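First the structure, in the form of structure tokens, and then the observations on it.
What follows draws every value from the coordinates through simple rules; no lab data is involved. The model shown is predicted, which means the values in this text are computed figures rather than measured ones. Glycine also receives a Cβ, built like all others from the backbone with ideal geometry; neighbour counts cover every protein chain displayed.
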Amino acid sequence: MTQEPRRGFLWAQLRESTRAAHARAEASLAPLAQPDSLARYADLLCVLWGFQAPLERLLGGQELPAAVGWPARQRLGALAADLTELGVTSTSLPEATGLPALTGPGAVWGTLYVTEGATLGGRVLRRHIEARLGPVPARFLDGHGGRTQPMWRDLGRLADRYAGGKRDGQLARQAALQAFAAFSTWAGSRVTGRRACGAWCGGPAWPEPRRRSARARAACRADPAGRA
């Protein structure tokens, strides 16, 4: 009788083989990960948008198994709502490049490992940010809410079922490494020089917000030029 693969086997392989790349990605975001104002928090979300938006489009163009539940896993709408509440228009925000080429099922699963894994870290980040700033628009950082951990485990089991071959494992590793590297490059480029969301209060580097909440207007008055 053929033995079934251990549950979460591909996820465990990817965790080990991408550990260093994952650490570099986290370090690249560190300058923005402890915001001390709403304006700084908006910077963080703008950087996350620039990575999430193109990856969701890439994944949305794939024929994912129905069991993945892709519609429920999409989080770009939540991120757009958070940005809108902070007074930022997301329609023309810059986006990352150098993303994985989804040349096969393994590459798709490797990319999902990165995007869905971020839901776990996002919830931890939300707790730290709200401890500093109080309640903030955090639909995106909340991941899938109370379902985040179960949805992550379910996806790991599906990965073993649909990408269990050696070639799929290689492609998954390559895609995950490329995704982490693209994020590191992207986040690093946004936090050098002026603030990452630079002119979210209306300067030239980012689009003019269509409307701003009272909290966003107060943040702009406190830091009108987007200075670091």
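Rounded to whole Å, give me the distance from the Cα center of region 69-90 to that of region 139-188.
19 Å
Order the peptides 22-32, 113-123 from the highest to the lowest mean number of other Cβ atoms within 10 Å of their residues.
Details: 22-32: 18.0, 113-123: 20.5.
Ranked by mean Cβ neighbours within 10 Å, highest first: 113-123, 22-32.
If you count, for each residue, the other Cβ atoms within 10 Å and average over each peptide, how do 97-110, 42-55 line up from highest to lowest?
On the way: 97-110: 20.0, 42-55: 23.4.
The densest-packed peptide leads the list: 42-55, 97-110.
Of 97, 152, 122, which is farthest on the positive side of the dipole of region 64-167, counting Cα position, with +1 on Lys and Arg Cβ, -1 on Asp and Glu Cβ, and the Cα centre as origin?
152
If the only charges are +1 at each Lys and Arg Cβ and -1 at each Asp and Glu Cβ, what is the size of the charge dipole of region 9-222 around the Cα centre, to the nearest 20 debye? Write out the running numbers ahead of the final one.
Values: 28 positive and 16 negative charges, 78 e Å.
The calculated dipole for region 9-222 is roughly 380 debye.
Pull out a ≥ b ≥ c, the square roots of the eigenvalues of the alpha-carbon gyration tensor of region 70-113, then state rounded if a/c is under 1.5, prolate if not and a/b is larger than b/c, and oblate in the remaining case. Could you put the intermediate results ahead of the total?
Numbers: a/c = 4.17, a/b = 1.85, b/c = 2.26.
In terms of gyration-tensor shape, oblate.
Report ³J(HN,Hα) in whole Hz for each residue of region 84-97, in order, from the Karplus equation J = 6.51 cos²θ - 1.76 cosθ + 1.60 where θ = phi - 60°; Gly and Pro get x.
Per-residue couplings from phi come out as 4, 5, 8, x, 9, 7, 8, 5, 10, 5, x, 10, 6, 10 Hz.
Taking 0.36 nm per intervening residue step and subtracting the Cα-Cα distance, what contour gain separates residue 81 from residue 9 on full extension?
Values: separation 72, 0.36 × 72 = 25.92 nm, distance 3.53 nm.
Difference between extended and current length: 22.4 nm.
Can you sort 142, 36 so the residue with the fewest Cβ neighbours within 10 Å comes first? Intermediate results must be reported in sequence, preceding the final value.
Numbers: 142 16, 36 9.
The most exposed by this proxy come first: 36, 142.
Can you put 140, 183 in order of Cβ neighbours within 10 angstrom, beginning with the fewest? Mind showing how you got there, number by number?
Details: 140 23, 183 28.
Going from sparsest to densest Cβ surroundings: 140, 183.
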